[in-house]
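In what follows, a structure is listed as structure tokens, so that the remarks can point back to it.
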2 protein chains.
Amino acid sequence: MNSQLQLQEEAASAAVTESDMANAIRALAMDGVQKANSGHPGMPMGMADVATVLFGRFIKIDPSHSEWPDRDRFVLSAGHGSMLQYALHYLIGYEDMTVEELRRFRQLGARTAGHPEYGHALGIETTTGPLGQGIATAVGMALAERIANARHGDGLVDHYTYVIAGDGCLQEGISHEAIDLAGHLKLSRLIVLWDNNSISIDGPTSLSTSMNQLARFEAAGFDVQEIDGHDFDAIGQAISRARASSKPSLISCRTIIGKGAPNLQGSEKTHGAPLGESEVAAAKRELGWDHAPFEVPEAILERWSDAAARGAAERRTWLNRVAAAPEGAAFLETIDREIPASLFGALAEFRRQHRESATKVATRKASEMVLGVINAATDLTIGGSADLTHSNLTLTAGMEAIRPGSYAGRYIHYGIREHAMAAAMNGLALHGGFIPYGGTFLVFSDYARGAIRLSALMGQQVIYVMTHDSIGLGEDGPTHQPVEHLAMLRATPNLNVFRPCDIVETAECWELALKDRDRPSLLVLSRQNLPMGRSADSEENLSARGAYVLRATSEPPSVTLLATGSEVEIACAAADALLSEHGIGAAVVSMPCWELFERQPLDYRKAILGTAPRIGIEAAVRLGWDRYLGEDGVFIGMTGFGASAPAAGLYEHFGITAGAVVETALELVARASGKD
Amino acid sequence: MNSQLQLQEEAASAAVTESDMANAIRALAMDGVQKANSGHPGMPMGMADVATVLFGRFIKIDPSHSEWPDRDRFVLSAGHGSMLQYALHYLIGYEDMTVEELRRFRQLGARTAGHPEYGHALGIETTTGPLGQGIATAVGMALAERIANARHGDGLVDHYTYVIAGDGCLQEGISHEAIDLAGHLKLSRLIVLWDNNSISIDGPTSLSTSMNQLARFEAAGFDVQEIDGHDFDAIGQAISRARASSKPSLISCRTIIGKGAPNLQGSEKTHGAPLGESEVAAAKRELGWDHAPFEVPEAILERWSDAAARGAAERRTWLNRVAAAPEGAAFLETIDREIPASLFGALAEFRRQHRESATKVATRKASEMVLGVINAATDLTIGGSADLTHSNLTLTAGMEAIRPGSYAGRYIHYGIREHAMAAAMNGLALHGGFIPYGGTFLVFSDYARGAIRLSALMGQQVIYVMTHDSIGLGEDGPTHQPVEHLAMLRATPNLNVFRPCDIVETAECWELALKDRDRPSLLVLSRQNLPMGRSADSEENLSARGAYVLRATSEPPSVTLLATGSEVEIACAAADALLSEHGIGAAVVSMPCWELFERQPLDYRKAILGTAPRIGIEAAVRLGWDRYLGEDGVFIGMTGFGASAPAAGLYEHFGITAGAVVETALELVARASGKD
């Protein structure tokens, strides 16, 4: 390019206004939705001005190095406005976000899914769409930033987490849990831009809410501002002030949904459907946008590239700081979550010791013992509990709590907020540098479902420590006794559900959870004490097979008992009684992880399940068990909700006992041998 | 009793102070927990003074007629403090709450479960324990009261809903959704007494929250007050003011957890464990309580009975008003939710008409058509949606919305609040007089899980309208596409999950949902259009059998295709192709409700499933299906999360097509005939 042309282009770029930049977003959003004949144009058009200022003036990202650890995180909590993000990515120059991708919006295999999907395109920091998840995940990211900052200093870690949230995000309950936690912990690097357009799907938000959001966020400890979301300088000033605040920030951006569409703007009609060809044309006239669909003039692209150049420059400075820092190399390793090999050695040693002892402990206690080993060997793990620390046993010796303004610890009192805990753990994992684990009672996985699902969908290494896992919790009664939760969690794709039966299996399951970097794991642990099932054993991590013969018989078994967790004890007692009292050989198969078992070769699975009649034993509902029982198998478990009473009595009451297993086994054996 | 004794007793009763009354609660709570060696003494002891004023001075209940429709509702949202409620019930004279029941606290079969369980004892208005559920359910009750009041007038309906909530309730996300809705709708008869003791399980609440709760509730539209929760007159004045307010009220009661236990009060140690014999003794000395365990002096019982007498008198006056009111009889019928027989006649007629037509509509649309019939025939139904009215199609012609201060309508814009919607529906049902239904996308059953579980546990007739039920929703992508939700919901005890395949089945399922008065129903409905499957049929409601042969073969079938909802169309197309192209007879079994199928006699179930090889077809995960497939059956469905694309392409992409069914059927038939 000759210098005159270059000068001309620079002049053109200089003449480009932020309004032009924003209109590029609007045009692309309209075009993308129109082409797909599906999607949400209203939000991108309404928030185009805010996004332009945020990305144009402030955000610190380098699209050429989208994984740069010290980048700002951007979370589109109002995920339905995905065309806003895709348009921004195209304009700012992420190489994978081509105009062709914009044209393929919402088509099979496109990077431009209906809602932003983590992993589909560079720079998508988290999957959003289920409302409120984004803001709560962002709290975890902002927390991760502060913890990493406390460990590595301002030179290496110093970035913001920006969120665009809609009315829906702020109405969802999870937003309350999230902002309470963020305000309490003074996560000053969290900046929430609220698309305050007064419209939701049913119509004006006044149909369903009268909340004073500014007062609400202030009550939670946020710095709050309200601005005209179409006034570029007001937006800029507000973001500047928010960045300087010692509190997390809410900026209420008063906007017009669908701004630019002359006949529809301000109406819920722009929310979730294409504007239609004629309204798109009218909007483009209104905006003075005289370009073909998906076409953005070079001068505007040039202006947008300035933001990328700013980020690239910041990254280069940062790289110099990393190179200069004595701990720079160690920092990079941490960010990649490199687990020291010594940890796995220590876990193997732990298992070795405990195979030889015969300690009877609850698996939640076993988990605490294992965590003691893990947390001593690495500080990648960030622990916590939703206010059940001494029940979940998630706090190990020497772990300091994270406190408001003080982030050197590694234990989080998440409060009575299971949903925000799960989402914050997603954020901690997504940010990089940490392996979060957090505890609650298994039954309250209900409360965290929305975020657990996202852990699985995004393939994040989040470890759930779910204790009090059955009627075995006793007196608290049916509201606290999970019966359907194992089925619910096992049905969830890409989630490993572990239900170990003793100390050794608990250690094995923790090891597997730590080794599986691309998937959440959920440990289901007993409140009550359980005996050792694996007192004499090999070095192999048998839980890695998902299911294995815990107790074999000398001859082919006459009956096979399948059980998990606390019911393995019952299976073993029944096997003992069958042999000693009836001379019947019963194999016991422990099944700590169905998901891993399903990944074994068919031959292995067949061999483990065997050909003898089978009895499944689990203090939960039957759903899912038929897969392993065969046509004539019997299930011994729960058929409805639990009850309030001491645990032993409940097992009797619901007929989940060794006696019941023996009786059933005798029937099955008799039937199999034709004596019935 | 002679009159002198009577006078002496009256004098003794008059000398009894509210402090004595409150100490009776404390003593019983300590004794109950100590005897059970399990439970939560701290909350009952801390809130004893507040409860004494509420029950002693204000509450309008008649323990002898615990179901009296115009009683005040009392909800112990902090359900772990159940001994507070049981002690109150004993003191105020519910006949089923004997001292023996208090002694049996947390034992099998006792009315005094670990957490208050609806239906276990008279006067327990709702099951609580999972934190935040109580306050959100109470919003539904308070709303029910206002709707009933609008319909029947002050003379017949005029009562309060009182809630005792703890820190946990206010931290849970559901509380945000609930108070936003209550404040918006100006539910002035809702009074929340917050046990503000600054203690949660992990320790001081300052570990995890800095929320200014008064400011927060004020932002939501509540009248707020803060008082010393141990100052009887302050408590009385605050409740009086709250009753007079035109807004819902929050009263922050500053209390000392475990008040009275000299060495432990104010500490989390009193929260969830017995105080121990010596501390109980010390507390009783401190309180001047010189009575045997579970013993309450007659004079104190006498004072407590005054509250019951006040309630009984109020009930008698109310009965007079009912007798005098022209609409009194009709009102009583409404409260019992008597569905007019004409409704079922109209539904039968609707089915008749639509069997003869061949309209291709989405089952969500079919549901709207059915609702048109239902809502025209009865006004017991209260509709609503979590801001997806025009997607769920829950609003029928002529339904007016309920608005702040105006409760004559019968449609609720619940806002983007699935969890509070479900809990409020529980409250509407529990209050009596209404059959609530509410819509959201099936995937967001995740957000409502906690309250759906309580619908089932309490056996409440709440009808969930869950649309967009699979990858069939298309472009919105995996965050919006349920795959594990059918399994999750089917695993939940006492919940009927209906997935109809066409207009006729949709009408049948709605009919079944209306007829089952003691159980929630959940309708799983398609976004996409579906053809009629039942064009020529009998009058019988075939969905009532749970599963039935939709399409028989002339000879015994060579293969049986099992399907639900939108996949019935695929099964039928495959059966057609198998017959016409391969001369193979395939039976099609529609399975709209697994739960009802499981309740059929074994013979029926065997006959329906047949002996031919089976293929299960459902656009969801396999978990649960093996029960119906048999050893050699094949499942065609989802194995992971969905994707963003137009629906038809997704069915192809995931291999859920008639072609795939045909191919699989050919393999199975070949194998069965030994040709493989």
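Just the number: Rg to Rh for region A:37-171, Cα atoms, Kirkwood Rh, two decimals.
Here Rg/Rh amounts to 0.96.
Evaluate the charge dipole of region A:546-673 about its Cα centre and quote only its size in Debye, nearest 20, assuming +1 on the Cβ of each Lys and Arg and -1 on the Cβ of each Asp and Glu.
Once rounded to the nearest 20, the dipole reads 280 debye.
Take every DSSP beta bridge with both residues inside chain A and express the antiparallel ones as a percent of the total, to the nearest 5.
So the antiparallel bridges in chain A amount to around 15 percent.
Distance in nm between label sites at A:Y604 and B:E400, each 7 Å beyond Cα in the beta-carbon direction?
Using points 7 Å along Cα→Cβ, the separation is 6.7 nm.
Please report the antiparallel percentage of the DSSP beta bridges confined to the protein assembly as shown, to the nearest 5.
Of the beta bridges lying entirely in the protein assembly as shown, close to 15 percent run antiparallel.
Count neighbours as other Cβ atoms within 10 Å of each site's Cβ, and list the trypsin sites (Lys or Arg not before Pro) in region A:552-628 that are DSSP loop with at most 15 such neighbours.
Of the trypsin sites (Lys or Arg not before Pro), the ones in loops of region A:552-628 whose Cβ has at most 15 other Cβ atoms within 10 Å are A:R599.
For region B:398-530, what is the relative contact order in percent, using Cα pairs closer than 8 Å and at least 6 residues apart in sequence?
24 percent
Among the GluC sites (Glu not before Pro) in region A:577-676, which ones are in a DSSP loop with at most 13 other Cβ atoms within 10 Å of the Cβ? Mind listing them? Could the numbers behind the result be given before it?
On the way: sites: A:E581, A:E595, A:E598, A:E618, A:E631, A:E652, A:E663, A:E667; in loops: A:E631.
Within region A:577-676, the qualifying GluC sites (Glu not before Pro) (loop, at most 13 other Cβ atoms within 10 Å) are A:E631.
Grab the beta carbon distance between A:L579 and B:A281, set R0 = 60 Å, and tell me the FRET efficiency rounded to 0.05.
0.70
Give me the percent relative contact order of region A:546-673, please, defined on Cα pairs under 8 angstrom at least 6 residues apart.
On the way: 211 pairs, mean separation 35.3, N = 128.
The value is 28 percent.
Between copies, how far does the label point of B:A348 sit from its twins, in nm, shortest first, when each point is 7 Å from Cα along Cα→Cβ?
7.4
So, with +1 on the Cβ of K and R and -1 on the Cβ of D and E, and no other charges, what is the size of the charge dipole of chain A about its Cα centre, to the nearest 20 debye?
400 debye
When the convex hull of the Cα atoms of region A:347-483 is projected onto a plane and the area is averaged over all directions, what value comes out in nm²? Don't jump to the answer; show the numbers that get you there.
Values: hull surface 36.9 nm².
Taking the Cα atoms of region A:347-483, their convex hull projects to 9.2 nm² on average.
Could you sort the peptides B:275-287, A:386-398, A:314-326 by per-residue average Cβ neighbour count (10 Å cutoff), highest mean leading?
In descending order of packing, they fall as A:386-398, B:275-287, A:314-326.
DSSP loop GluC sites (Glu not before Pro) in region A:473-578 with at most 16 other Cβ atoms within 10 Å of their Cβ, which ones?
Passing sites in region A:473-578 are A:E539, A:E540.
Looking at region B:306-446, send over the antiparallel percent of its DSSP beta bridges, to the nearest 5. Present the calculation step by step, with values, prior to reporting the outcome.
On the way: 1 of 8 bridges.
Here the antiparallel bridges make up roughly 10 percent for region B:306-446.
Quick one, can you get me the convex hull of the C-alpha atoms of region B:18-320 expressed as volume per residue in Å³?
Per residue, the Cα convex hull of region B:18-320 comes to 112 Å³.
Using unit Cβ charges (K, R positive; D, E negative) and no other charged atoms, how large, in debye to the nearest 20, is the dipole of the protein assembly as shown about its Cα centre?
60 debye
Could you list the square roots of 5 times each eigenvalue of the Cα gyration tensor of region A:546-673, that is, the equivalent ellipsoid semi-axes, sorted largest first and rounded to whole Å?
22, 18, 13
Can you give the FRET efficiency for B:E67 and B:A358, using 1/(1 + (r/R0)^6), R0 = 45 Å, r = Cβ-Cβ distance, to the nearest 0.05?
With a Förster radius of 45 Å, E is 0.40.
Given the C-alpha centroids of region B:290-349 and region A:319-335, what is the distance between them in whole angstrom?
Here the answer is 72 Å between Cα centres.
Give me the mean projected area, in nm² to one decimal, of the convex hull enclosing the Cα positions of the protein assembly as shown.
For the protein assembly as shown, the mean projected area of the Cα convex hull comes to 53.8 nm².
Rank by packing, highest mean first: peptides B:253-265, A:520-532, B:163-175, with packing defined as the count of other Cβ atoms within 10 Å averaged across residues.
B:163-175, A:520-532, B:253-265
Projecting each Cα onto the charge dipole of chain B (Lys/Arg +1, Asp/Glu -1 at the beta carbon, about the Cα centre), which of B:Q460, B:A507, B:A12 comes out farthest on the positive side?
The listed residue farthest towards the positive side: B:A507.
Among A:K360/B:K269; B:K186/B:K365; A:K247/A:K515; A:K360/B:K284; A:K269/B:K360, which pairs are too far apart, with a Cα-Cα distance over 31 Å? Write out the running numbers ahead of the final one.
Details: A:K360/B:K269 26 Å; B:K186/B:K365 33 Å; A:K247/A:K515 37 Å; A:K360/B:K284 38 Å; A:K269/B:K360 26 Å.
Result: B:K186/B:K365; A:K247/A:K515; A:K360/B:K284 exceed 31 Å.
Got a sec? How would B:I402, B:I382 order by Cβ neighbour count within 10 Å, fewest to most?
Ranked by crowding around the Cβ, least crowded first: B:I402, B:I382.
Would you please give the FRET efficiency between A:E555 and A:R671, computed as 1/(1 + (r/R0)^6) with r the Cβ-Cβ distance and R0 = 22 Å, to the nearest 0.05? Kindly include the intermediate steps, with their values, before the conclusion.
Numbers: r = 19 Å, r/R0 = 0.87.
For R0 = 22 Å, the calculated efficiency reads 0.70.
How many nm is it between the label spots at A:F294 and B:S210, if each spot is 7 Å from the Cα in line with the beta carbon?
With each label point 7 Å from Cα toward Cβ, the separation is 4.9 nm.
Using alpha carbons only, how many degrees (0 to 90, rounded to 10) separate the axis of helix A:82-92 from the longest principal axis of chain A?
The answer is roughly 60 degrees.
May I ask you to derive the relative contact order of chain B, considering only C-alpha pairs under 8 Å and at least 6 residues apart, and to give it as an integer percent? Can you show the working numbers first?
Working: 1474 pairs, mean separation 80.0, N = 676.
Once normalised by length, the contact order is 12 percent.
Could you give the angle, 0 to 90 degrees to the nearest 10, between helix A:418-431's Cα long axis and the longest principal axis of the Cα atoms of chain A?
70 degrees
What is the mean number of Cβ atoms from other protein chains located within 10 Å of the Cβ atom of each residue in peptide A:103-115, rounded to a whole number?
Rounded to a whole number, the mean comes out at 5.
So how tilted is helix B:42-53 from the main axis of chain B? Cα-based, degrees 0 to 90, rounded to 10.
70 degrees
Determine ³J(HN,Hα), in whole Hz, for all residues of region A:321-332 in sequence, where each value follows from phi through the Karplus function 6.51 cos²θ - 1.76 cosθ + 1.60 and θ = phi - 60°; x replaces Gly and Pro.
5, 4, 4, 7, 7, x, 9, x, 5, 4, 4, 5
List the residues of region A:54-98 whose backbone N lies under 20 Å from a point placed 7 Å from the Cα of B:H653 along the Cα-to-Cβ direction.
A:79-87, A:96-98
Using only the alpha carbons of region A:428-479, what is the convex hull's orientation-averaged projected area in square nanometres?
Quarter of the Cα hull surface area: 3.9 nm².
Output ³J(HN,Hα) for region B:550-562: one whole-Hz value per residue in order, computed from phi by the Karplus curve 6.51 cos²θ - 1.76 cosθ + 1.60 with θ = phi - 60°, and x for Gly and Pro.
7, 9, 8, 10, 5, 9, x, x, 7, 8, 10, 9, 9
At q = 0.05, 0.07 Å⁻¹, work out log10 I(q)/I(0) for chain A with the Debye formula, treating every Cα as an identical point scatterer and leaving solvent out; two decimals please.
These q points yield log10 I(q)/I(0) values of -0.28, -0.53.
Sort shortest first the distances from A:K515 to its counterpart in every other copy, using label points 7 Å along the Cα-to-beta-carbon line, and give them in nm.
5.5
Every number in this text was worked out from the coordinates using simple rules, so none of it is lab data. Given the structure is predicted, the values throughout are model-derived calculations rather than measurements. Neighbour counts are summed over all protein chains in view; Cβ atoms, including those assigned to glycine, are modelled from backbone coordinates with ideal geometry.
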